[in-house]
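The values are calculated or read from the model by the stated rules, or taken from the named source; none is laboratory data. This is a predicted model, so every value here is computed, not measured. Backbone-built Cβ (ideal geometry, glycine too); neighbour counts: all protein chains shown. Note: areas computed on protein heavy atoms with side chains; ligands, DNA, RNA excluded. Shrake-Rupley method; radii C 1.70, N 1.55, O 1.52, S 1.80 Å.
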Amino acid sequence: QMMKFAWDNYKQYALGKNELRPLSKNGHIGNMFGGLRGATVIDALDTLYIMELEEEFQEAKQWVEKSFDLNVNGEASLFEVNIRYVGGLLATYYLTGEEVFKSKALELGEKLLPAFNTPTGIPRGGSLFSPCSGMSWSWGWASAGSSILAEFGTLHLEFLHLSQLSGNPVFAEKVMNIRRVLSRVEKPQGLYPNFLSPVTGSWVQHHVSIGGLGDSFYEYLIKSWLMSDKKDSEAKKMYDDALEAIEKHLVKKSAGGLTYIAEWRGGILDHKMGHLACFSGGMIALGAEHGPEERRQRHMELAAEITSTCHESYARSDTKLGPEAFRFDAGSEATATRLSERYYILRPEVVESYMYLWRLTHQPKYRHWGWEVVQALEKHCRVEAGFSGIRDVYTTTPSHDNMQQSFFLAETLKYLYLLFCEDDVLSLEDWVFNTEAHPLPINHTDFRA
Ligand code: DMJ
């Protein structure tokens, strides 16, 4: 019902725009996707399909067939277009077998290739590309800007599928080159900083985070291994080594006994966790499944503790929704201390971890916690024409941000639904979810470049 409500309102007031503005009842375009439109349609497709909302799925499919235009201009984020558009189209193709989704994914994939024309082959920071002109950039940018780990490190899953479906190795070659640069570069204390020069291939600053700027790079290492049917041992080793360094240098326990993952700035710890970092409970649990017994237990405990800390960040707010970032300093424990970090924009990471922990442990608390989120969303985020983010999770007098993010339909509602499904609905044995929760099948053939 929540998905139908979110979709129906998007359809009524914003079809063809990127997101719905549920208070002003109109659409939002923004600049993340260049000239591309319909981000919510593409992000919602597989969720509608999985939830068996057949009529609504047909409406979305029709829009893709009739109105989804790839010959558009304007600079878009390679990362966002890849995880939402390419991921959404690929997943829907694999779920339905309908050619239109495959051909759109491949056509779009081709348009992303110029973004890799840099001296190292690492797409530049912000990773802009211009779909229509297929243009790369002048050298003017080369001395400025750096590339972001979570952006250029979050292409692998989709690009391997693009190569497999097209029979063209170029996509796999691009991401295997990124892998090569990363595996060779020296890592301070075994950690991966968030900024790298696309010109020299060396780190630009020493800021390390498992939240924003770093997050999905780690996720794609373990998922690359899983998606390769556990053949991509290089990805597994890079993941294991990175997690060991994170455990050693970033995992901390607060005075009140809450485990969290701090951020690292040139050796100095910032005792803060972003909402984005809360995906890591699920990731660590997923990776733990496959290690030796002693490590398996340790990692499952770590995953459960982090997920519980993220739950605390929700439980300690008045709305029972979590802030954008929470801290463990100056007497605070899993609460936001800055006004600018009190908002909640319908993000999925906490329920994502509940879903993985539920599937892997079957402890009922994860379903209880998920249900708390459902109730809080209904109470504080549902408005007359859709769902909206809120500006302050610590007050029950609502101040809505007037934005229904496309990832709410792609991820938040999908993970909540899967939390209450049988395990064989998109079984973790057969599917990996890209970082926008678009399911990609585990591949039983070796399709590395
Ligand atoms: C989503 O687009 C993806 O989950 C991404 O990895 C991080 N940010 C948003 C959701 O918070």
Self-check item: Any hit, segment 228-246, residues being closer than 24 Å to Ala437 by Cβ, of a type in the set (A, V, I, L, M, F, W, C), open to solvent by 20 Å² or more (accessible area, probe 1.4 Å) and in contact with a Ser or Thr (Cβ under 8 Å, 6 or more places away or on another chain)
Solution: no
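Yes/no matrix, rows are residues, columns are (1) farther than 29 Å from Tyr220 by Cα; (2) within 16 Å of the ligand (Cβ to nearest atom); (3) open to solvent by less than 20 Å² (accessible area, probe 1.4 Å); (4) not small (Gly, Ala, Ser):
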| residue | (1), (2), (3), (4) |
| --- | --- |
| Gly16 | yes, no, yes, no |
| Lys25 | yes, no, no, yes |
| Ile29 | no, no, no, yes |
| Met32 | no, yes, no, yes |
| Ala39 | no, yes, yes, no |
| Tyr49 | no, no, no, yes |
| Glu59 | yes, no, no, yes |
| Gly74 | no, no, no, no |
| Glu80 | no, yes, no, yes |
Practice problem: Check segment 313-329 and report whether any residue there is assigned to a helix (DSSP H, G or I), within 24 Å of Ile261 (Cα to Cα) and open to solvent by less than 20 Å² (accessible area, probe 1.4 Å). | Solution: yes
Quiz item: In the set Lys230, Lys248, which member is touching a residue at least 12 places away in the same chain (Cβ under 8 Å), on the phi > 0 side of the Ramachandran plot and not hydroxyl-bearing (Ser, Thr, Tyr)?
Solution: Lys230
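Name the helices (runs of 4 or more DSSP H) wholly within segment 330-449 that hold at least 3 residues that are away from the ligand (no atom under 16 Å from the Cβ) and touching a residue at least 40 places away in the same chain (Cβ under 8 Å)? Let's see the steps before the verdict.
Values: elements: 349-361, 365-376, 413-419.
Filter on segment 330-449 gives 349-361, 365-376.
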Practice problem: Check whether at least one residue in segment 14-33 is over 14 Å from Leu89 (Cα atoms), in a helix (DSSP H, G or I) and modelled with pLDDT of 95 or more, and report yes or no. | Solution: yes
Quiz prompt | Among residues of segment 173-187, those that are out of contact with any Phe, Trp or Tyr (no Cβ under 8 Å at 6 or more places or on another chain) and closer than 15 Å to Trp203 by Cβ, counted | solution = 5
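Going residue by residue through segment 204-216, is there one that turns out to be open to solvent by less than 40 Å² (accessible area, probe 1.4 Å), within 21 Å of Leu428 (Cα to Cα) and in contact (Cβ under 8 Å) with a residue 60 or more places away in the chain? Show your work before the answer.
First, the residues of segment 204-216 that are open to solvent by less than 40 Å² (accessible area, probe 1.4 Å): 207-212, 214-216.
From the residues that got through so far, the ones that are within 21 Å of Leu428 (Cα to Cα) too are 215-216.
Still in the list and also in contact (Cβ under 8 Å) with a residue 60 or more places away in the chain: 215-216.
Yes, because at least one residue in segment 204-216 is open to solvent by less than 40 Å² (accessible area, probe 1.4 Å), within 21 Å of Leu428 (Cα to Cα) and in contact (Cβ under 8 Å) with a residue 60 or more places away in the chain.
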Quiz item: If a residue has to be over 10 Å from Ala385 (Cβ atoms) and hydroxyl-bearing (Ser, Thr, Tyr) to count, how many in segment 2-42 make the cut?
Solution: 1
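Out of curiosity, is Ser308 hydroxyl-bearing (Ser, Thr, Tyr), part of a loop (DSSP other than H, G, I, E, B) and either farther than 17 Å from Pro348 by Cβ or more than 21 Å from the chain's Cα centre (by Cα) (or both)? Walk me through how you get there before you give the answer.
Details: hydroxyl-bearing (Ser, Thr, Tyr): yes; part of a loop (DSSP other than H, G, I, E, B): no; either farther than 17 Å from Pro348 by Cβ or more than 21 Å from the chain's Cα centre (by Cα) (or both): yes.
Against the criterion (hydroxyl-bearing (Ser, Thr, Tyr), part of a loop (DSSP other than H, G, I, E, B) and either farther than 17 Å from Pro348 by Cβ or more than 21 Å from the chain's Cα centre (by Cα) (or both)), Ser308 does not qualify.
Looking only at segment 96-144, count how many residues are open to solvent by less than 40 Å² (accessible area, probe 1.4 Å) and either at pLDDT 75 or above or within 30 Å of Glu52 (Cβ to Cβ) (or both).
Residues in segment 96-144 being open to solvent by less than 40 Å² (accessible area, probe 1.4 Å) and either at pLDDT 75 or above or within 30 Å of Glu52 (Cβ to Cβ) (or both): 19 in total.
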Quiz prompt | Residue in segment 171-182 that is crowded, with 24+ Cβ neighbours inside 10 Å, within 16 Å of the ligand (Cβ to nearest atom) and of a type outside the set (Asp, Glu) present | solution = no
